[in-house]
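Let me begin by presenting the structure, written as structure tokens, before commenting on it.
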Amino acid sequence: MERNDMIIQMFHELRPMVFNFARKFNLEFDDCLQHVSLFMLELWPRIPSDCTNVKAYLCGAVKRELYHFLQRRGQETLSLDAPVASDSEETFADMLQAFVHKRDEAREDFITQVTHAALKQCRLEEQMYARERFGLNSFNPVLPSWSHKPNYNRTKESMRASMKRNFTRNLHVLALMS
């Protein structure tokens, strides 16, 4: 198969792998895809002539190159004491402190109350699952007013779907989301 045809075919076959990689490491998908495409073009002349499976060779090389790309990219460190701009006296720490002070505690308390009230309308096992899964330590599960016998063998997907239905029927929760 000719170089251009093979590169285009591999470009389409590797898209899902590159997408998953970019999502996993919080990278820009288009940047990763462009880097992989350029890498395959640069790699083509170096593929051994006795290579029997060019696709597998390219796939393995691309996977290794993505991890090298991630390593080379590295993480830039940022000092909180550094000024935001060269002509500014304000630091990142000052901005962060100002943001923390702007929190609306009354709204947070209201959201907590609405969430707890909506959860109390769910079945007991759903309440217990929500408390464990989402770390709602201040929430104490109670039997709902329309009590059913708890079924502790329900799947997590079933409980999530049921909680989602209950939350979408709750007018206070809907008001919070709008």
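Read-outs throughout are calculated quantities, based only on the coordinates presented, and are distinct from any laboratory measurement. Since this is a predicted model, take the numbers as computed values, not measurements. Heads up, the Cβs are rebuilt from the backbone with ideal geometry, glycines too, and the neighbour counts pull from every protein chain shown.
Bridgeable lysines around residue 55 (alpha carbons under 29 Å apart, same-chain partners fewer than 8 residues away excluded): 24, 63.
Peptides 127-133, 27-33: what's the order by average Cβ count within 10 Å, highest mean first?
Numbers: 127-133: 17.1, 27-33: 14.3.
Highest-to-lowest ranking by the protection proxy: 127-133, 27-33.
Per residue, the convex hull around the alpha carbon atoms of the stretch 3-73 comes to 82 Å³.
In which sequence would 146, 44 go, from the one with the fewest C-beta neighbours within 10 Å to the one with the most?
Arranged by neighbour count, lowest to highest, 146, 44 become 146, 44.
Helical runs assigned H by DSSP (4 residues or longer) give the chain a calculated mean residue ellipticity at 222 nm of -20500 deg cm²/dmol, each run adding -39500 (n - 2.57) before division by the residue total.
Taking 37 °C and 0.692 mPa s as conditions, the stretch 1-143 diffuses translationally at an estimated 159 µm²/s according to Stokes-Einstein applied to its Kirkwood radius (Cα pairs).
Compared with the dominant Cα axis of the chain, that is its longest principal axis, helix 3-24 is turned about 30°. A convex hull fitted around the alpha carbon atoms of the stretch 105-177 yields 92 Å³ per residue.
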